[in-house]
Each structure stands twice: as C-alpha cells, then as structure tokens.
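Okay, structure first, notes after.
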C-alpha cells in the first residue's frame with residue numbers, strides 16, 4: 001500500500017472553535033475528503049496509490065464533535081460547507097473536488113451545492129438521501145442496528161443519547177464479504193473508527209440528528 005505524509009493541523013475558526021485538519025500537501029487537484037459516521041477525517045489510505053497516479057492532493061478535517069474538532073451542537077448538513085471553505089482558505093486552495101463516503105456523502109453534497117464557484121466535482125459513495133424524500137423507503141436495506149439508531153435520532157437528542165449509551169459494536173452491520181475486505185487493505189477503517197468514539201459518541205449523535213432533520217440545502221437544486 002502506498003504511503004504519503006499527512007500533515008495534521010488545528011485550525012482556529014473566527015468563532016473560536018477548532019477544526020482538526022489533514023493535508024497530504026501536493027497534487028494538481030485537491031480533493032476534500034468527508035469522512036463517514038463515526039470516523040475521524042484521516043484521508044483514505046487505501047486510495048493513495050490511485051491518488052498518486054492521478055496527482056491528487058487529499059485535504060480533510062474531523063467534523064465538529066469528532067477527534068480534535070470542537071463540537072457544534074445542532075449543526076446541520078449544510079454547515080459542512082463553511083468548514084470546508086475555511087480549511088481550503090487556510091491552505092490557499094481556491095478550487096477543489098469533494099468526496100464523501102457513507103455519512104460523509106451528504107456533507108460532500110452540501111459543499112457542491114453551497115460552494116458552486118469553488119467545487120469542481122463531487123462524489124458520494126454509499127451516502128444517505130434526505131430523510132422523507134418523495135418516493136423513497138429511507139430505511140430499505142439498512143441493517144437493524146442502523147435503523148434503531150436513526151429512529152432514536154428521530155425521537156430527539158435525549159433519546160439518541162440514551163440509545164448510544166446502551167449501544168455496542170454490532171458485527172452484523174457488515175456482510176461476510178465486508179469482513180473479508182476489512183481484514184485486508186481496508187483494515188485502515190480501524191484507524192479512523194476507534195478514535196472517533198474514543199472520548200464520546202457526540203460526533204455520531206450530532207451526525208445522526210442532522211441526517212433526519214432538514215439539511216439546510218436542496219441536493220436536487
């Protein structure tokens with residue numbers, strides 16, 4: 001697996017909050033990575049071989065409440081755009097692409113929708129759709145633990161906090177094929193999931209509450 005030097009920095013925002021950022025530092029095209037739920041923002045090491053071939057620079061950050069980033073209670077999905085712009089500004093990057101996987105997908109889409117003059121392309125891998133979207137069975141295909149967690153979010157913050165206090169790791173969230181891949185080069189996931197929950201489930205709670213609330217932008221717009 002290819003390795004790249006990743007520089008980690010704490011960026012202080014105008015309101016005093018901190019965003020913990022990551023940057024591989026070189027490349028013709030900057031791609032801002034939006035991590036899943038619950039992860040920290042370390043760029044996707046399994047994609048480094050492809051990114052070196054394509055001369056891509058990875059930039060990312062821990063969403064508020066994860067890792068080294070200050071919590072932002074009641075944040076919505078749209079708030080990711082301001083975070084993304086602040087990180088890009090600090091690094092002197094004017095235009096960039098965005099990529100998110102799982103829970104990071106909606107946050108990447110927010111950047112594309114709200115920063116159209118700066119985002120040159122967007123990718124969402126296995127991301128969520130807005131809750132309550134017309135004609136959509138939102139829970140279809142989700143594993144039972146995920147359904148329970150998001151239903152708790154629908155009941156409000158107190159219910160979600162109680163749910164997470166009692167929840168544990170559920171290996172059934174992954175298929176046999178998933179486990180095989182996660183035992184190989186995508187074992188990288190262990191390094192981003194563990195730290196995300198190390199101090200508290202606050203980032204996960206804020207993510208799930210945001211997924212089931214109005215997103216603050218129209219992804220179809």
**OP:** Kindly check whether there is at least one residue in the stretch 74-96 that is at pLDDT below 95 and over 24 Å from residue 193 (Cβ atoms).
**Re:** yes
Original post:
Here are some residues: 102, 124, 69. Which one is buried (at least 20 other Cβ atoms within 10 Å of the Cβ) and out of contact with any helix residue (DSSP H, G or I) (no Cβ under 7 Å at 6 or more places or on another chain)?
Top reply: 69
Subject >> Residue that is surrounded by the most Cβ atoms within 10 Å (Cβ to Cβ) [pool: residues in the stretch 127-155 that are closer than 30 Å to residue 30 by Cβ and out of contact with any helix residue (DSSP H, G or I) (no Cβ under 7 Å at 6 or more places or on another chain)] >> reply: 130
Original post:
Could you list, in sequence order, the residues of the stretch 171-184 that are within 20 Å of the chain's Cα centre (by Cα) and assigned to a helix (DSSP H, G or I)?
Top reply: 173, 178, 182
Original post:
Got a number for residues in the stretch 156-177 being surrounded by 13 or more Cβ atoms within 10 Å (Cβ to Cβ) and at pLDDT below 90?
Top reply: 3
**OP:** Would you check which residues across the stretch 97-142 are free of Cβ contacts under 8 Å to residues at least 40 places away in the same chain, closer than 14 Å to residue 37 by Cβ and part of a loop (DSSP other than H, G, I, E, B) and list them?
**Re:** 126, 127, 142
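Out of curiosity, is residue 174 without any contact (Cβ under 8 Å) to a residue 24 or more places away in the chain, touching a helix residue (DSSP H, G or I) at 6+ places or on another chain (Cβ under 6 Å) and more than 22 Å from residue 65 (Cα to Cα)?
Considered against the rule, which asks whether it is without any contact (Cβ under 8 Å) to a residue 24 or more places away in the chain, touching a helix residue (DSSP H, G or I) at 6+ places or on another chain (Cβ under 6 Å) and more than 22 Å from residue 65 (Cα to Cα), residue 174 comes out as no.
Has the stretch 51-63 got at least one residue that is in a loop (DSSP other than H, G, I, E, B) and buried (at least 21 other Cβ atoms within 10 Å of the Cβ)?
For the stretch 51-63, residues in a loop (DSSP other than H, G, I, E, B) and buried (at least 21 other Cβ atoms within 10 Å of the Cβ): present.
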Original post:
If you check 16, 27, which single one turns out to be in contact with a helix residue (DSSP H, G or I) (Cβ under 9 Å, 6 or more places away or on another chain) and either in a loop (DSSP other than H, G, I, E, B) or surrounded by fewer than 21 Cβ atoms within 10 Å (Cβ to Cβ) (or both)?
Top reply: 27
Original post:
Would you pick out the residues in the stretch 178-199 that are surrounded by 14 or more Cβ atoms within 10 Å (Cβ to Cβ) and closer than 23 Å to residue 69 by Cβ?
Top reply: 188, 189, 192, 193, 195, 196, 197
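The values are calculated or read from the model by the stated rules, or taken from the named source; none is laboratory data. Since we're looking at a predicted model, the values are computed, not measured. Cβ: placed from backbone, ideal geometry, glycine included. Neighbour counts: every protein chain shown.
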